[in-house]
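Handing you a structure now.
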Amino acid sequence: MDGFEKIDLGNPNATQSKITSSRTMKETRDVKDVNPQVISMRKRSKRSFPKKTAGWIIGIVAVILLFVIFGVVLPGLKLVSSAKSTYAQAKLAIAAAKKQDVESAGTELEKTKTALLGTQKNFDSMGYLRFIPPFNLYYSDGDHLIKAGLAALDGGKILVDSVAPYADVLGLKGQGSFVGGSAQQRIQTAVTTLSKITPNIDKLSSSLSTVRNELDQVNPNHYPPLFGGDKVKTILAEAKTFADDADTFVKEATPLIKVLPAELGEPTEKKYLIIFQNDKELRPTGGFMTAYAIMRLDHGVIHPDTSDDIYNLDATIANKPVAPRPILSYLAKVPLLNLRDTNLSPDFITSMDLFNSLYAKAGGYRKVDGIIAIDTYPLLDAIDILGGEIDVDGTQFTTKNDSRCNCAQVIYQLEAITDQPVNYVKTGNRKGIVGDLMLAIMNKAFSSSPKLYWGPLFQAMLTNIAQKHIMFDVYNADAQSGIEALNAAGQIRPFDGDYLHINEANFGGDKANLFTTEAVNQDYQIKSDGSIAKTVTINYKNPFPPSDCNLERGGLCLNSLFRDWIRIYVPKGSQIISSKGSEVKLTSYEELGKTVFEGFLTVRPQGTSTFVITYSLPFKLASDSKLPAMYQKQPGTNNNMYTVSVNGHQEQNFELTEDKVVTLTK
């Protein structure tokens, strides 16, 4: 047949031969159409790839492996080992500092710095990483972190060296420099030499500024969530916050430290008005102002000038102004403003401004360099540290529990001396016993070895300042700015976020706060649009029977009706939604940069009361963000329990012993 070749079906090989022959002929035709140079390149390529190119690839891989092993892995392992040793050494320094052992802390800090310098040397050996992305980012962070660590160690050593001579006085472990002479002579020597350490404060401030600047250049966002990156980001963020706070604190406190010798009476004596606030009869700044004293500080040594009942000082003031609205409304039969009632503002400095406006008119006025307010807690702590008992003119005061008030015997004894009716006229300085008690405490402290009492007394004083049982209004501007930086001035503080300060005044004239407990619940309801409704519930409980308040029978009226003028300070712009528990119409106004909700309630012996308020906060919470909150403690209060819940989930449960800042999540 034309056009077809004959295929022998009986020979399979013939068929395959024909197919192969056909393909060969096609390939031959295709080859004829290809450029001869292309054929040549293909041939050369097939011949050279296995030898030259493969060799280059193997060589490059080998170099990379050698670089990784000797340039990254081995130096990295050495760096990690060095870093672990440095971290272990740093923990020893921190442990010594926590034990307040200044000698050991100084030694361990030096060792830690030596270890960190070794780590820095190992780190520098990998300096080429600064030129290789993305390793350059982490190398830069590491460089800044090491420099921050070295600056922090320098600052720690400066601090240790500065306080070491005062180890005995401050209650720290270690041999102080002031070991000879009487207790008063040691104090004088310590105060006289304080000016020598002020240059170190500038050095410390410089070190902390370096720490802050180095950490500011570290970017926590360099660390992804994988392989523990979230934890690294959290640690870095906390370190940066701590460095910022420490740097700011030292800068703000420096003026106080520099003028501290002068404020302690070196070289010229200073006078301070000491006001005793009875926290068992709670008032806005901590308690009813019941007694006062004027103390002189001469080279750090305290000399009492006078001590008296504040009623006697009040009696020397003529033409008193009309009492303000809260006193006229809630404090029976008090038409005029007395010195003892001037602490109406929850801000201690504001209250003392009102106090001074009236004190300047008193016949018993004495020019002073500042006011120091204390309540019962520092007295209790001091007596407890000094052995648990103090004798004042034949009267024994102890910290043992007295069943008549379920409180320390010293508290009951003071109340009995000052307030219990008798069948004779109490003359003279009945509340001046407080000043006498303070003098007895000081005399016992001065007559002892510094190692025995001074340290614990100093530590107790710091605790009481933090808890607002001691507050200062000093008339030297530099000193006062440092005091305010220490949060030792009892002020209502600004805060960016949620804020709560519950302030109460006992206008019953008795000591019901001895027996009444409070529990505060805060419930945040955060809606999908970020708006926040907050409910604050205060539960009051007085489980004790009433006192015998019959004056004719001579009863000591401690526990009776608690007449509570209550104010809730919240972020400015908050709007009330609902409330219950106030026995008067709840009012709202602005004061001290806050919105205030004001009411009044009573709590009876063996009774309970509840105050509830719901309000909206003046801002919205952005999606996936956290809510910072500050809860400010009222001076003079103690043992108030706080519970914080967000959308029904309890997040915090604590006793509010001092101002507290928390971060809440949805």
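Tally Lys/Arg at +1 and Asp/Glu at -1 over every other residue whose Cβ is under 15 Å from the Cβ of residue 295; what's the total? Don't skip to the end; give the middle numbers.
Values: positive: 270, 271, 296, 366, 367; negative: 263, 269, 298, 305, 308, 369, 436, 473.
After counting each charged neighbour, the total is -3.
How long is the gain from residue 107 to residue 84 if the chain were fully straight, where each residue apart is worth 0.36 nm and the alpha carbon distance is subtracted?
Details: separation 23, 0.36 × 23 = 8.28 nm, distance 1.90 nm.
Between residue 107 and residue 84, full extension yields an extra 6.4 nm.
Quick check on the range 498-664: what does the Kirkwood estimate of hydrodynamic radius come out to from the alpha carbon pairs, in Å? The partial results should precede the final answer.
Values: mean 1/r = 0.0588 Å⁻¹.
Taking every pair of different Cα atoms in the range 498-664, averaging 1/r and inverting gives 17.0 Å.
What is the distance, in nm, between label points placed 7 Å from the Cα along the Cα-to-Cβ direction at residue 234 and at residue 606?
5.1 nm
Cut-off is 10 Å between beta-carbons; in what order do 109, 462, 358 appear when sorted fewest neighbours first?
Working: 109 27, 462 14, 358 20.
Ordered by Cβ neighbours within 10 Å, fewest first: 462, 358, 109.
List the residues, sorted by chain then number, that are 5 or more residues from residue 531 or on another chain and whose placed amide H is less than 5 Å from its amide H.
When sequence neighbours closer than 5 places are left aside, the close amide H contacts are 621.
Let me ask another. Where Lys and Arg each count +1 and Asp and Glu each count -1, what net charge lies around residue 212 among other residues with Cβ under 13 Å from its Cβ? Mind dumping the intermediate values first?
Numbers: positive: 147, 240, 251; negative: 214, 216, 244, 245, 247.
Within the 13 Å Cβ shell, the charges total -2.
Note down the nm distance, to one decimal, between modelled labels 7 Å out along Cα→Cβ at residue 219 and at residue 249.
If labels sit at residue 219 and residue 249, their model points lie 3.1 nm apart.
Please say if the range 270-485 is rounded, prolate or oblate, where rounded means a/c under 1.5 for a ≥ b ≥ c the square roots of the C-alpha gyration tensor eigenvalues, and otherwise the choice is prolate for a/b larger than b/c and oblate otherwise?
oblate
What's the FRET efficiency of residue 657 with residue 316 using the Cβ-Cβ distance as r and R₀ = 45 Å, to the nearest 0.05? Display every interim value, and only then the final one.
Working: r = 38 Å, r/R0 = 0.84.
In this case the efficiency is close to 0.75.
Net charge within 13 Å of residue 259 by Cβ-Cβ distance, Lys/Arg positive one each and Asp/Glu negative one each, not counting residue 259 itself?
Values: positive: 258, 270; negative: 263, 266, 369, 478.
It works out to a net charge of -2.
Another question about this same structure. Which whole-Hz ³J(HN,Hα) couplings does the range 535-548 yield from phi under the Karplus relation 6.51 cos²θ - 1.76 cosθ + 1.60, θ = phi - 60°, glycine and proline marked x?
10, 10, 10, 10, 9, 9, 8, 10, x, 9, x, x, 7, 7
On a full-extension model of 0.36 nm per residue, what is the gain between residue 268 and residue 329, subtracting their alpha-carbon distance, rounded to one decimal in nm?
Numbers: separation 61, 0.36 × 61 = 21.96 nm, distance 4.62 nm.
Full extension from residue 268 to residue 329 adds 17.3 nm.
Scan around residue 491 for amide H atoms under 5 Å from its own, H built in the peptide plane at 1.01 Å from N, and keep only partners 5 or more places away or cross-chain.
Amide H neighbours of residue 491, under 5 Å, 5+ apart: 348.
For residue 196 and residue 404, calculate 0.36 nm times their separation in residues minus their Cα-Cα distance, and state this gained length in nm to one decimal. Walk me through the numbers before you get to the answer.
Working: separation 208, 0.36 × 208 = 74.88 nm, distance 5.18 nm.
Here the answer is 69.7 nm.
Which whole-Hz couplings ³J(HN,Hα) result when phi for each residue of the range 108-118 is put into the Karplus expression 6.51 cos²θ - 1.76 cosθ + 1.60, θ = phi - 60°, listed in order with x for Gly and Pro?
5, 5, 4, 5, 5, 5, 4, 5, 5, 5, x
Note down the nm distance, to one decimal, between modelled labels 7 Å out along Cα→Cβ at residue 209 and at residue 572.
Placing both labels 7 Å along Cα→Cβ, they lie 3.1 nm apart.
Here is a follow-up. In terms of Cα to Cα distance under 13 Å, which aspartates and glutamates are near enough to residue 400, apart from those fewer than 8 places away along the same chain?
Straight-distance partners of residue 400: 381, 384, 389.
The numbers here are math on the coordinates, done by the rules we state, and not lab data. Worth saying up front: this structure is predicted, and the values here are computed from it rather than measured. Note that we place each Cβ from the backbone using ideal geometry, even for glycine, and neighbour counts take in every protein chain shown.
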